[in-house]
Structures are given as structure tokens and as C-alpha cells.
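Some notes on the structure that comes next.
Derivation of every value follows stated rules applied to the coordinates shown; laboratory data play no part. From a predicted model like this one, the values you see are computed outputs, not experimental measurements. Positions of Cβ are backbone-derived with ideal geometry, glycine not excepted, and every protein chain shown enters the neighbour counts.
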Amino acid sequence: MAQPKKDVPATDAHPERLIAGASYWSTYELSAEDHDGEAVAPLRMSDGTYGLRKQEASCDCLGIGESVPATCFPPACLSACSFDPQLLYLMGQALGEECLHESVDLLLGPAINVKRHPLCGRNFEYFSEDPLLSGKLGSAYVAGVQSTGVGACVKHFVGNSQETDRMTSDSVIDDRALHEIYLRGFEQLVCSAEDQHRTHDFGEAARRKGESNTAAHSAKTAVQQGYSPDGFFCGQPAAIMTAYNRLNGIYCSQNKQLLQFARNTWGYRGIFVSDWGAMSQSIPSVAAGLDLCMPGPRLDHSATVAKAVKDGLLPDSSLTGCEERLTNLMVHAQQVRAHRAQTSALPYCEADHLALAQVIAEQSAVLLKNEVPTGGSVAALPLGKDQRLAVIGAFAKHSRYQGSGSARVNPVQLDAAWEALQEVSDVQGCQLTYAAGYDPNTGETTPTLMDEALRCAQAADTVVVFLGLPACYESEGVDRQSMELPADMNALMDVVCAASKPVVAVLYGGSVVELPWRDSVSSILLMYLPGCQGGHACVNLLTGVVNPSGHLAESWPAKVQDTALGVNYPVHTPQVFYTESVFVGYRYYTSVSVKPAYPFGYGLSYTTFTLTEPVVTVQDSGAVYAQCCVTNVGNCEGAEVVQVYVHVKDASVPRAAQELAGFAKVHLKPGESSQVPIELDAHVFGYWDTKASKWRVDSGVYEIGIGVSSEDISLCEELSLMAGQRLGCLVVQAPTLVSSAERCVLGPYFTVKPQGFTQSAFRALYGKGFPVLPPTRPFTPDSSVRDIKVTPLGRLIAREIHKHGMAQGATHIPGMQSMMEAMLDSMPLRNLATGGGSYSLVIAIVDALNGKPVKALGDLLSHPDALIHELEEIPALEEGKL
Ligand code: BGC
């Protein structure tokens with residue numbers, strides 16, 4: 001019989017206890033009595049998205065406490081630029097193996113939220129502004145994790161696009177944007193079982209990169225020994241994490257329309273687990289389909305739900321459904337553990353995982369610029385041999401390699417570009433000098449540091465400047481306020497450029513920054529956050545050992561004012577109106593005259609490719625392919641990311657000028673050519689029909705553009721679609737006639753202007769009244785710490801919460817202090833009950849704040865949990881939400 005885990009209390013569990021966590025990271029055990037005479041051990045969960053963050057002793061969802069050492073792979077901001085699902089599959093598989101070793105059953109990743117704006121504090125953890133790319137990479141990652149038997153939990157479902165007030169804010173998204181942009185990635189993950197099986201053919205990726213493939217080996221061994229994890233997961237993610245925010249007025253964890261849509265329309269069979277502290281009310285959440293409330297213990301949750309079922313307020317089936325899904329997953333995890341227990345060997349080779357982390361960084365870094373310096377004859381990169389190299393910037397020695405927050409990994413090992421450069425200089429005969437230039441924690445400089453940097457630059461043949469966002473500039477829990485680099489770094493760059501030497505900038509950070517000096521430097525290599533082997537990856541790219549092949553997975557606007565939302569982000573009001581609708585990222589830039597500094601899909605190489613011979617075909621099965629011939633016409637080996645965009649002529653609804661429908665990465669030797677067929681996503685031809693509530697493809701003429709970025713589409717073919725024709729899983733229909741009145745209402749979206757979109761235009765597009773949020777008074781468990789500060793008692797309580805919260809915060813972690821302050825301020829009172837707090841206390845505080853001290857005292861004395869409180873509220877719940 002499986003033993004309960006160390007941090008989980010042994011319990012006399014009743015099945016309904018399963019629906020809330022027993023601890024920060026685990027469910028309860030299922031007792032033998034409740035499970036046909038055989039106990040099932042608790043399900044153990046751990047973050048994160050680019051490395052395992054398993055906590056043994058301390059527990060938190062902020063990345064504060066220690067976690068076991070693990071491989072820190074490049075975060076999604078970088079790995080997405082690989083445009084290579086096979087690499088993401090290998091990374092997922094490696095993560096799964098580390099979970100197996102640490103007895104983690106469910107990994108809380110990947111995070112596939114669409115990047116809505118460059119300032120979102122969590123962009124470093126998200127893949128892209130494009131749902132197709134996010135979905136394809138997310139699918140591959142999930143398939144990789146789950147090939148080891150470990151479950152993957154995709155997050156955050158859905159509309160969690162800003163960190164500001166993320167626990168209470170309401171994302172108001174129109175139906176088309178919701179389905180075409182924000183849900184589409186999740187839909188692909190749930191519905192693309194077939195795709196995932198194709199991704200399983202990862203042997204080619206491994207061979208191509210010439211690594212030893214322990215990951216592949218161990219998965220094969222598992223299958224040979226009669227254990228097939230795929231059979232259990234059926235190509236769907238084991239879990240989906242519901243986001244903190246509200247979606248169109250209702251918290252995601254209790255948004256029945258949302259959760260039931262995934263169950264009924266997509267056929268989702270896994271579990272829905274709340275983000276840590278995202279559940280607002282027990283009964284509506286279970287009624288909506290939430291299976292597991294995390295973290296625990298939350299005895300009030302299971303007790304409330306059990307009583308509601310007993311009293312007939314909730315159907316029996318809503319509870320039994322949760323129990324069944326959770327039990328199945330726990331039994332599966334138990335089988336995986338039993339299988340794993342047959343061998344004590346490490347299920348992977350640590351060196352292989354580090355090598356994979358490096359390969360991913362190398363295959364993903366983006367060469368943004370590479371020009372011949374004034375007076376020179378070749379481009380500044382790759383770096384020439386036998387020269388004097390000035391290395392400027394503290395990031396060369398103190399790597400900026402990952403983000404802050406719940407994804408934060410304790411790396412088994414961490415390299416730095418400076419060490420790696422020294423190894424290379426021995427071989428290539430370069431003389432290296434170094435100047436820190438700034439403080440790596442703050443980005444601030446001093447006159448002395450500036451002077452050193454200038455002297456260092458003057459004495460060199462080429463200057464390599466390492467710079468970017470210090471860790472304290474970006475984190476989960478807070479959004480950036482500006483797109484600027486630290487002013488001192490820009491000043492340092494000006495000083496270095498004044499030395500009139502070729503300057504190569506190596507750029508770090510989890511998201512887009514303004515680059516005021518980009519015209520003054522010869523080359524820019526964008527490393528984003530490259531993980532624990534980023535130093536070696538960077539040097540291999542700088543020296544040409546590896547040819548850069550990453551392409552931007554997000555647009556890189558020149559300044560924040562150029563974005564569709566301009567400076568109106570983040571929003572501090574309770575409702576966040578997604579006024580740009582479907583015009584997110586490059587969908588906006590390709591539709592207006594404002595061009596980004598570097599467009600979506602852009603990336604240079606040390607070689608040159610040509611694209612010729614475009615062909616577009618629709619097969620009888622409905623599968624649609626675009627094909628072209630790619631030739632490496634340069635003189636070194638390299639890889640190109642071929643992208644296919646759809647442009648709809650005479651669309652009956654507002655459409656972006658370009659929409660990514662497929663992509664492929666092709667590796668070619670000098671002089672080599674390859675015919676590259678790319679299967680296109682039929683949904684990109686279509687749109688969400690808001691009246692019929694389903695996808696629809698109109699007959700008509702579509703332009704299929706093939707190119708190497710959203711702004712560089714060199715080949716174009718027309719495809720005519722006829723009504724009745726099959727396209728993927730959709731059937732083409734005659735277009736609906738749009739009345740001139742409708743066109744007029746949607747005018748600002750038919751003709752997109754650079755000023756962005758007004759709230760009144762959005763109201764017309766939204767089509768129904770905006771959701772109405774509950775008033776801020778009387779206070780409720782959803783009131784935030786900031787909300788309650790309007791009363792003297794509230795200020796007192798808020799002060800105590802801050803004092804207590806800050807005492808737990810690890811201020812030694814860069815950025816943590818401001819993140820903690822912001823998170824505590826926006827925290828709803830209900831979250832005082834997470835991780836072992838008492839919900840009765842929450843209710844008592846709310847009653848006291850509402851001027852009911854006697855009731856508050858009663859809450860504390862007579863209610864062991866919130867049972868009675870929530871049941872009292874039932875009549876007030878809107879009909880239809882249960
Ligand atoms: C984050 C999740 C994370 C969870 C557990 C939350 O704050 O939003 O992504 O998985 O904490 O650490």
C-alpha cells in the first residue's frame with residue numbers, strides 16, 4: 001500500500017475531501033475504505049513551467065522558499081522562439097523525468113496565456129502573442145511530460161493577461177477574441193490528440209541535434225515494460241488550472257459557461273484545478289465543474305459542498321464527477337510510482353538535461369541585427385578570431401537567466417557567458433577585458449563604472465555589451481510600468497558607442513524593451529532568459545559555433561505607445577476591457593501603418609535562405625497544405641523558420657491583415673534545398689460565429705502568404721474555398737451577408753487605426769451590456785486588502801496582513817519586495833484561508849468590517865468553517881450559475 005507523503009497528514013478521508021487539497025502541494029490520500037479496499041496515495045503537485053520547483057519544507061506560490069535543485073531550462077519567452085515543437089517535446093519529457101525522480105505526479109505547467117501586452121509581468125513564462133504557436137508548443141510540451149506518465153497542468157484558464165489585481169480583476173473579452181485568441185491555444189491542447197502523437201516522433205529531433213537521448217530511451221523502456229502513459233491521458237492534458245481573474249463578470253473557477261464549454265464542446269476529460277487561492281465560492285465552483293481547490297487544507301470547501309449535496313442544493317453528480325476524475329488520476333499516479341519503484345536508478349542523466357537546456361537556448365536565441373560596422377568588411381557577428389574583445393556589462397558574469405515568482409527554479413548548476421568566453425578565447429586567440437558597467441541587481445552605474453567601461457571599449461577591436469532588465473524589473477505578481485531599460489544602461493550604451501568601435505549588444509530580459517541605441521550598434525543578439533546553460537549557449541552563438549535560428553514569438557514594438565493599447569496597460573480599474581479584440585500583437589501591426597522595430601516571426605541567421613515554388617493544396621480529407629522550396633544560399637549550415645499567413649479578402653467580419661496558419665523549422669547545409677510542406681490550421685481560415693456560437697469558414701478567396709516574418713512575406717498564392725468543401729474539421733459555408741448597419745457599428749474594427757480602440761467602439765463590438773460587478777460595499781471575502789483600507793478597522797487589518805506577509809517574503813530575491821507589496825495589497829480577504837488559514841476568520845473579518853462585531857464574534861466562536869455562511873448566501877446566487 002502506498003505510504004502518505006511526508007507533508008500530508010494521514011486522514012480518515014471521506015471521498016469529498018478529495019476536492020480540496022490536504023496541503024500546499026498535495027491532495028488527501030484516498031483511504032482503503034473509500035476505494036475498494038486499496039488505499040491510493042495523495043497526488044503530489046509542483047511548479048513550474050521551465051523547471052521543477054519541488055518544495056520539501058517551506059511552501060509558497062511565490063518562489064520564495066527553497067526547492068530541490070533542478071535543471072533550469074529556458075523560460076517560454078525564449079524557448080518559444082525556437083518555433084520547434086520537437087524541442088518543447090524533449091523539454092517536457094525531461095521535466096517529466098525530473099518529476100518522476102522527485103515523486104511529483106502533476107507538473108503545474110505549461111503556461112500558455114496569450115501575451116496581450118509587452119508590460120505583463122509574467123510574459124517571461126508565456127510562449128507567444130499568437131494562439132497557434134502557443135498551442136502547438138504547449139501541446140508538444142504536454143505530450144513530452146505525459147510520455148513519462150507524469151501529468152501536465154496547463155494554465156491559466158483564461159484571460160489572465162495582467163498581473164495587476166489578477167486575483168479579482170474582470171477580463172471583459174468579446175466572444176470572437178475569446179475563442180479565436182485566448183481559448184484557441186487551450187482548445188488545441190485538448191483537441192489535438194492526433195497532433196501530439198505525431199509530435200511523439202521526436203527521434204528525428206534528437207538525431208538532428210546529435211545528443212544522446214536518455215529521455216527517449218526511458219520513455220521507450222516504460223512502454224516496453226507494459227506501461228503506456230498515453231493510454232491514460234488520451235492526448236489531453238491531465239489538468240487545466242483555472243485562472244485567478246474573472247472572465248466576463250464571473251470568476252474563472254466558478255465560470256460554468258467556461259468550464260462546461262471545455263467539457264462539452266472540446267470533450268475535455270481531465271481535471272480542473274484552481275490556481276492557488278483562485279476559488280472564490282465553494283458551491284458555484286463545484287457546480288461549474290471545478291474538481292480540485294488548491295492549496296489546502298480547505299476543510300470548509302469539502303464540508304460546504306458535501307452539505308450542499310445533502311441538502312439538494314447541488315446535484316450528487318457534480319460531486320461524484322469530481323471524485324471520479326480525481327480518483328482516476330490518483331490511481332494512475334500510483335501506477336506510475338509503482339512502475340518507477342521497480343528501479344532505484346535516476347530516470348535520466350543530469351548532464352543530458354543540462355545539454356538539452358543549452359540546445360534549446362541555442363536554437364531559440366534571436367539575432368535581431370547584424371551589420372557590417374563602419375570601415376569593416378564583414379558583419380560584427382560571428383566574432384572574428386585573434387582580436388581584442390571588450391566584454392562590458394555585469395550580466396556577462398552574473399547571468400540573468402530566469403524569472404521571479406512561482407516558476408523560480410533552484411538550478412543544479414548555473415553558468416555565465418564570461419566563463420564560457422574565457423574557454424573560447426584560449427582556442428580562438430582573443431584577448432578579453434572586462435568592465436562591469438553597472439550593478440547587476442539594479443542596473444545602476446557610477447562615474448567610475450562608466451569610465452572603466454569607456455576605457456575598456458577604447459582599447460578593444462570589438463565591444464560586446466551584455467545588458468537588459470535586472471530581475472527586480474519583472475516578476476509574477478506585478479506588471480512593468482514602462483518598456484524602458486534602466487536609464488543607466490542606456491547611458492552606458494551611449495558612452496560605449498561613442499568609442500567608435502563595432503558594438504555587439506547581448507540582450508536579456510523576459511519581455512520587450514525599448515532599444516533607443518539600436519541604430520548605433522552593429523549587432524543585437526536577443527537571449528531573453530536563457531536558463532542555466534545560457535552562458536555557453538550565448539558564446540556558441542556569438543562565435544558562430546551555432547548559427548542563430550530563433551524567430552520572435554512576439555512583436556517587438558519600438559515604443560510602448562505603438563502597441564494596440566498604447567500606455568493604457570496595466571489597468572487599475574476592476575474591469576479590464578480587451579478593447580483591441582482580435583487585434584493582438586502582429587494582428588494589430590499588420591493591420592495598421594505602425595510598424596514594430598522587429599516584427600513577429602523575425603530572426604536573422606549567419607547564412608541566407610531563399611523561398612521559392614509556392615504551392616497550396618487542399619486534400620480530399622480536408623487537410624490544407626502550403627509548400628515551398630527553401631534553399632540555403634549562404635556558406636554555413638543554418639535553420640530557417642518558414643511561416644504561412646492567411647489574409648482574407650472581403651471578410652464578412654473584421655479580420656487581421658495576417659494570421660499565422662502554420663510554420664516549420666528547416667535545417668539546411670550550405671547549398672542544400674528542401675521542399676517544406678506545412679499543414680495549415682483550418683481554424684485560421686475561419687472565425688468564431690458569435691450568433692451560432694461555433695467556428696465558421698466562409699467561402700471566398702484567401703491569400704496564402706509564405707515568408708519569414710509577419711512583415712516579410714515573399715510568396716503568395718490564392719486559395720478559393722467553395723461552400724460545402726471540407727477544410728480540416730470544418731465545412732466551408734456561404735458567407736453571411738453583413739448589413740451596412742452592422743458594418744457601421746463595427747467600423748473601427750473593419751478599418752483599424754493606429755490610435756487603437758475606444759471603449760465605446762468596444763461596447764458596440766461586445767454586443768451585450770458589460771458585466772456588472774458586485775458593489776465594493778458591503779465588504780465580502782472577495783474584497784481586497786486595498787479595498788478595506790477605506791475604513792479605520794480595515795487599515796488596521798491591512799497593516800497586520802502586510803506585516804505578516806512581508807515577514808515571510810524573501811527580500812534577498814531581487815524584485816521580491818515590490819512583488820510582495822503589490823500582491824498583498826491586491827489580495828482578496830478569502831486568501832487568508834489558503835494554506836491552512838481558517839475561513840471562519842475570513843468571515844469574521846468581513847462581518848467586523850461591515851460593522852457587525854457581534855456576528856463576527858459568533859463566526860469565530862461557533863462556526864468551525866464557513867459552512868453556514870456560504871449556505872446563507874445561496875438564495876442570493878444568480879439563477880443559472882449553479
Ligand atoms: C501561480 C500558478 C502557480 C501556483 C502555485 C500561483 O500564484 O499563478 O502559476 O502554479 O501559484 O505555485
Work through the residues other than T448 whose Cβ is under 14 Å from its Cβ and net out their charges, Lys, Arg +1 and Asp, Glu -1.
-4
Sorted by packing (mean other beta-carbon atoms within 10 Å per residue), highest first, where do 316-326, 657-667, 739-749 land?
657-667, 316-326, 739-749
For the modelled label position 7 Å from the Cα of R388 along Cα-to-Cβ, which residues of the stretch 481-499 have backbone nitrogen atoms closer than 18 Å?
496-499
Computed FRET value (nearest 0.05) for A32 with T374, which takes r as the C-beta separation and R₀ as 56 Å
0.10
Please work out the FRET efficiency for the pair R455 and F750, using the Cβ-Cβ distance as r and a Förster radius of 51 Å; give the result to the nearest 0.05.
0.30
Among DSSP beta bridges lying fully in the stretch 453-579, give the percent that are antiparallel, nearest 5.
10
Net lengthening on full extension, L414/S818 (0.36 nm per residue, minus Cα-Cα):
142.9 nm
Name the shape class, rounded, prolate or oblate, that the alpha-carbon gyration tensor gives for the stretch 490-536, where a ≥ b ≥ c are the square roots of its eigenvalues, rounded holds for a/c under 1.5, and otherwise prolate holds if a/b is larger than b/c and oblate otherwise.
prolate
Determine the percent antiparallel among the DSSP beta bridges restricted to the chain, to the nearest 5.
60
The extension gain from H339 to A734, computed as 0.36 nm times the residue separation minus the Cα-Cα distance, is 136.8 nm
Between Q481 and K852, the two model label points (7 Å from Cα along the beta-carbon direction) sit apart by a distance in nm of 3.9
Expressed in nm to one decimal, what extension gain is obtained for the pair N441 and L841 from 0.36 nm per residue of sequence separation less their Cα-Cα distance?
140.1 nm
Spin-label pair R795/A623, simplified geometry with 7 Å Cα→Cβ offset, distance in nm
6.8
Could you calculate the FRET efficiency of Q422 with S500 from 1/(1 + (r/R0)^6), where r is the beta carbon distance between them and R0 is 22 Å, rounded to 0.05?
0.25
How many nm is it between the label spots at V633 and N264, if each spot is 7 Å from the Cα in line with the beta carbon?
5.6
Measure up K369/K665; K155/K397; K54/K665; K369/K397; K595/K691; K54/K136 against 25 Å on the Cα-Cα distance and list the ones that go over.
K155/K397; K54/K665; K595/K691; K54/K136
Evaluate Rg over Rh across the stretch 560-607, taking Cα atoms for both radii and Kirkwood's formula for Rh.
1.10
Rounded to the nearest Å, the spacing of the alpha-carbon centers of the stretch 510-553 and the stretch 660-730 is 30
